[in-house]
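> My questions all concern the structure below.
The values are calculated or read from the model by the stated rules, or taken from the named source; none is laboratory data. Worth saying up front: this structure is predicted, and the values here are computed from it rather than measured. Methodologically, a virtual Cβ is constructed for each residue, glycine included, from the backbone with ideal geometry; neighbour enumeration extends over all protein chains shown. Just so you know, the surface numbers come from the protein's heavy atoms only, side chains and all, with ligands and any DNA or RNA stripped out. Shrake-Rupley method; radii C 1.70, N 1.55, O 1.52, S 1.80 Å.
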Amino acid sequence: MSTLPLPFFSSTSTRAPFSFSLKSSSPSFSSSLVPFQRLELFRSTTKTTTKSFSSVFYSLKAKAMAELVKDKESGVASADSNGGGRPEVEHSRTFLEARSEQELLSGIRKEVEAGRLPPNVAAAMEEFYQNYRNAVFQSGDSTAVEIVSSNMAVAFDRMLLDVEDPFVFEPYHKALREPFDYYMFGQNYIRPLIDFRNSYVGNLSLFYEIEEKLKQGHNVALISNHQTEADPAVIALLLEKTNPHISENLIYVAGDRVITDPLCKPFSMGRNLICVYSKKHMYDVPELAEMKRKANIRSLKEMALLLRGGSKIVWIAPSGGRDRPDPLTGEWYPAPFDSSSVDNIKRLIEHSGAPGHIYPLALLCYDIMPPPSQVEKEIGEKRVMTFHGAGLSVAPKISLPEIAAGCEKSEEAKDVYTQALYKSVTEQYNVLKSAIHGKQGLEASTAGVSLSQPWN
């Protein structure tokens, strides 16, 4: 059986691909930038203008931790709960006790001197902080300083915790929600990076259709392009108001790098994952190729077991990695799909014992966290973050019998089916591109893609 390629974060490294924003949003945010929940986290910033910055920073951080970490007594029991869990352990509180940006950054050096933080990880954390800070400041939000400082305090705390007490992922990983809510941790990091005024969802009615099928016990596979390490958070944020069930229950086929990098792992811990080795990195170390193939087979078996229970929704990018710009024109486009990967997920859906459906999904968000221009084997890519609009669109489901009825050979049918899915994703992507980069907004809608901004 061929292996499934594509990780949802394809090239993680010792430089953290993520950070996060501590609670859902601030009342001082423009409603067009952060359209959803109004949380207690940032209320003090609008009511306590006479406080010193360090006092406000400490207050924000304390509230954030209180909201993300549930009663520790629930930690042991939570491992069997619906949300998954990992008991909290005692660890250094350097970052949680920081009262200013200066103390937060000096805390990194303090942890290096104490021998708890490797120097290369520390250097990546500092760069990570600056890139995230610059991106959030691009939003023009008046509370950007407080947002960055409080968010990064908890992000650094989670990263340090995993260095001290490394988490081990199983082939199927269920998002950890208790006692620390890693899902919201990741969601809230990306939120300040999305310009919701210039973001769009295509064919919202089909997302409702998908939710209904899930409620009926059906399985759904989303065949998608893959743009950035932040894709899971972007998808969930664009759907969190209208389709929270999809946002929180989507299972991502994820590459091994996202579950080994100490700076990336805390964000991966908040997602439902099927962990695989990407085909693009299968032979980076030739002597490990056989081990990787066997691990992928185990992961496929885990997915098969999950699908037998019905009501599962799985995201897979059959390109095997993130999209890249054309080297000559600089234009971005969805990377071609691998037909064996599409065939694998189709077979799993068909043999699950539950009704199943395959939908083509397009995602445009590369500006938020663009990958390197080329695939890199070495760990340690430089990460740049930007405040920008994003887009998500789904098209009607596509079934093999309808598409490949005239094909005589199975291989030909596989290729025709894969190309039909890829064509749909590309067409949707171009509509999103016209809306966001072409500045056409809702007027970019076509007969096949109806754009909306459901947060408005």
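> Given the criterion under 22 Å from L68 (Cα atoms), acidic (D, E) and either at pLDDT below 95 or not in a helix (DSSP H, G or I) (or both), identify the matching residue among E170, E127, E146.
E146
> When the residues of the range 208-237 are narrowed to those that are under 24 Å from D343 (Cα atoms) and in contact with a Gly (Cβ under 8 Å, 6 or more places away or on another chain), which ends up surrounded by the fewest Cβ atoms within 10 Å (Cβ to Cβ)?
G217
Quick grid of which residues meet (1) basic (K, R); (2) open to solvent by less than 10 Å² (accessible area, probe 1.4 Å); (3) in a helix (DSSP H, G or I):
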site	(1), (2), (3)
R293	yes, no, yes
N296	no, yes, yes
K301	yes, no, yes
A304	no, no, yes
S311	no, no, no
G320	no, yes, no
T329	no, no, no
A335	no, no, no
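> Return the residues of the range 89-111 that are more than 27 Å from the chain's Cα centre (by Cα) and of a type in the set (A, V, I, L, M, F, W, C); say none if nothing qualifies.
Across the range 89-111, the qualifying residue is only A98.
> Given G441, G391, which one is at positive phi and surrounded by 15 or more Cβ atoms within 10 Å (Cβ to Cβ)?
Selected residue: G441, the only one of G441, G391 that is at positive phi and surrounded by 15 or more Cβ atoms within 10 Å (Cβ to Cβ).
> Still on this structure: Pull out all pairs, ordered by first then second residue, where Cβ-Cβ is under 6 Å, the residues are six or more apart or on different chains, the first lies in the range 241-255 and is within 19 Å of L176 (Cβ to Cβ), and the second is of a type in the set (K, R) and not in a helix (DSSP H, G or I).
Y252/R271
> Take the residues in the range 338-362 that are touching a Gly at 6+ places or on another chain (Cβ under 9 Å) and farther than 20 Å from I210 by Cβ, then tell me which one is least open to solvent (accessible area, probe 1.4 Å).
S341
> Check whether at least one residue in the range 156-165 is surrounded by fewer than 17 Cβ atoms within 10 Å (Cβ to Cβ), touching a residue at least 12 places away in the same chain (Cβ under 8 Å) and assigned to a loop (DSSP other than H, G, I, E, B), and report yes or no.
yes
> If N272 satisfies all but one of (1) modelled with pLDDT of 95 or more; (2) more than 17 Å from F207 (Cα to Cα); (3) open to solvent by 20 Å² or more (accessible area, probe 1.4 Å), what's the number of the condition it fails?
Here N272 clears every test but (3).
> Select from the range 306-353 the residues that are of a type outside the set (G, A, S), out of contact with any Pro (no Cβ under 7 Å at 6 or more places or on another chain) and free of Cβ contacts under 8 Å to residues at least 40 places away in the same chain and list them in ascending order.
Residues satisfying the conditions are D326, L328, T329, R347, E350.
> Can I ask one more? From the set of residues in the range 84-115 that are farther than 20 Å from Y132 by Cβ and open to solvent by less than 30 Å² (accessible area, probe 1.4 Å), which is modelled with the lowest pLDDT?
The selected residue is G84.
> Filter the range 250-260 down to residues that are in a helix (DSSP H, G or I) and open to solvent by 10 Å² or more (accessible area, probe 1.4 Å) and give me whichever is nearest to H173 (Cα to Cα). It would help to see each step written out before you state the result.
Initial filter on the range 250-260 (in a helix (DSSP H, G or I)): 256-259.
Right, trim to open to solvent by 10 Å² or more (accessible area, probe 1.4 Å) and you get 256-257, 259.
Numbers: D256: 12, R257: 14, I259: 10 Å.
If we take residues in the range 250-260 being in a helix (DSSP H, G or I) and open to solvent by 10 Å² or more (accessible area, probe 1.4 Å), then I259 is nearest to H173 (Cα to Cα).
> Considering only the range 239-249, I want to know if a residue exists there that is part of a helix (DSSP H, G or I), open to solvent by 20 Å² or more (accessible area, probe 1.4 Å), among the basic types (K, R) and out of contact with any strand residue (DSSP E or B) (no Cβ under 7 Å at 6 or more places or on another chain).
no
> Determine which member of the set Y429, Y417 is more than 25 Å from the chain's Cα centre (by Cα), surrounded by 18 or more Cβ atoms within 10 Å (Cβ to Cβ), modelled with pLDDT of 95 or more and outside any loop (DSSP other than H, G, I, E, B). Can you show your working first?
On the way: Y429 fails: more than 25 Å from the chain's Cα centre (by Cα).
Being more than 25 Å from the chain's Cα centre (by Cα), surrounded by 18 or more Cβ atoms within 10 Å (Cβ to Cβ), modelled with pLDDT of 95 or more and outside any loop (DSSP other than H, G, I, E, B) holds for just one of Y429, Y417, which is Y417.
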